[in-house]
1. What are the lysines whose alpha-carbon lies under 29 Å from the alpha-carbon of K232, with same-chain residues fewer than 8 places away excluded?
2. Work out, step by step, the length gained on full extension between H160 and V39: first 0.36 nm times the residue separation, then minus their alpha carbon distance; give nm to one decimal.
3. Using DSSP to define loop residues, name the trypsin sites (Lys or Arg not before Pro) in the stretch 217-299 whose beta-carbon has at most 12 other beta-carbon atoms within 10 Å.
4. Given a cut-off of under 8 Å on Cα pairs at least six residues apart, what relative contact order in percent is computed for the stretch 178-326?
5. Roughly speaking, what % of Cα-Cα pairs in the stretch 5-170 are separated by over 19 Å, rounded to a whole number?
6. On a 0 to 90 degree scale, rounded to 10, what angle separates helix 81-95 from the longest Cα axis of the chain?
7. Between M146, M28, M280, find the one with the highest GNM mean-square fluctuation for the chain; connect C-alpha pairs within less than 10 Å.
8. Below 8 Å between Cα atoms, with a sequence gap of 6+, how large is the relative contact order for the stretch 5-170 in percent?
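The numbers here are math on the coordinates, done by the rules we state, and not lab data. Everything quoted here is computed from the prediction, not taken from an experiment. Here the Cβ is made from the backbone with ideal geometry for all residues, glycine too, and neighbour counts use every protein chain on show.
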Amino acid sequence: MSSPKLLATPDYIQEAIEAITNAKHRVMFMSLMFTDDDVTDDFVDALEAAALRGVSVKIAADVFTYGELGGHFLPFKFFTKKSRETTSSVRELTQKGVVFNWLGRFSATPVNGRTHIKCLIVDDIVFSFGGVNLYGKDILGNNDYMFLCKDARLADDLTHEFNQITKADTNHHAYRSHKFSYDDNLVLTDGGFQGDSIIYRRACELAKQADEILLVSQYCPTGKLSRIIKQKKSRLYFNPPQLAGALNKLVIKVGIFFSGHTTLYSRNRYLHAKFIIFTMPDGSKTALTGSHNFVYGGVLLGTREIALETKDPKIISQLEKFFRQNVA
């Protein structure tokens, strides 16, 4: 894998639009959120234009989008003004040749079986291993990033995962977790089996081995990982409850109550980045970065996730720079 480049959210959106505009063969986009608003309009227009000139464009987004736009527990969430605008935009995209799939339509609750993966594949370019949703409110308000990777095999592997996850969701079942190796880097994907997460298990394994742990996430860590962290020298940066909306505020408060952890995060911008840097006894470092929030609730609910595990000093230094500039 060529050394990935960390892009803060505005740079990611700009480079993604440029890549889609120049796409020759394929565009695959998977996200928890998909909206067409003032902030995302150029991105969506680029997807439409790519389809019109004959590029294969496939989009898979989670119906959680409608919960966010219309109120998660309101029976008319699909019929609010913003929800109707999203439905209209998706209809227009499909009319222009885009293959669009809403994921999680048959989930029992608004929170289980969610597809939390963020991944854009354009020909042999991959944007992933961060947390940026295609939602104007998140793009403008969240503290986040994505990685850009130019690697044909990675693009092919993640295209296969995209297709398999979409197929599994269409057939109303989960897809097993996977691990892909690229020299010193591993790509981990959670396919949605309730109670199982290859990413969370790996975080626990690395935490056990580590002497020091730096965790950045929107939520307080919970479950086994939380208990391991308590035994280590650690620095935890997650949102204080007052920064979050009603649903996320509840998740954070419950996590703090049961774990006893406190956060060092004191900035005003909502923290949506998710990574852990583990410092090992020999001084070496390993990092996990991606869409996983490192809470056990997501594991129990069968959330689909993606993460990069790396020992590459060039990648880790970029995470550390992001941390210094945007988190600490």
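1. K179, K208, K224, K249, K253, K274, K285, K311, K314, K321
2. Details: separation 121, 0.36 × 121 = 43.56 nm, distance 2.96 nm.
Roughly 40.6 nm would be gained on extension.
3. Numbers: sites: K224, R227, K230, K232, K233, R235, K249, K253, R267, R269, K274, K285; in loops: K232, R267, R269, K274.
Listed in order of number, the matching sites amount to none.
4. Working: 283 pairs, mean separation 48.9, N = 149.
Relative contact order, the stretch 178-326: 33 percent.
5. Numbers: 7251 of 13695 pairs.
Within the stretch 5-170, distances greater than 19 Å cover 53 percent of Cα pairs.
6. Compared with the principal axis, the helix lies near 60 degrees.
7. M280
8. Details: 298 pairs, mean separation 51.4, N = 166.
Over the stretch 5-170, the number comes to 31 percent.
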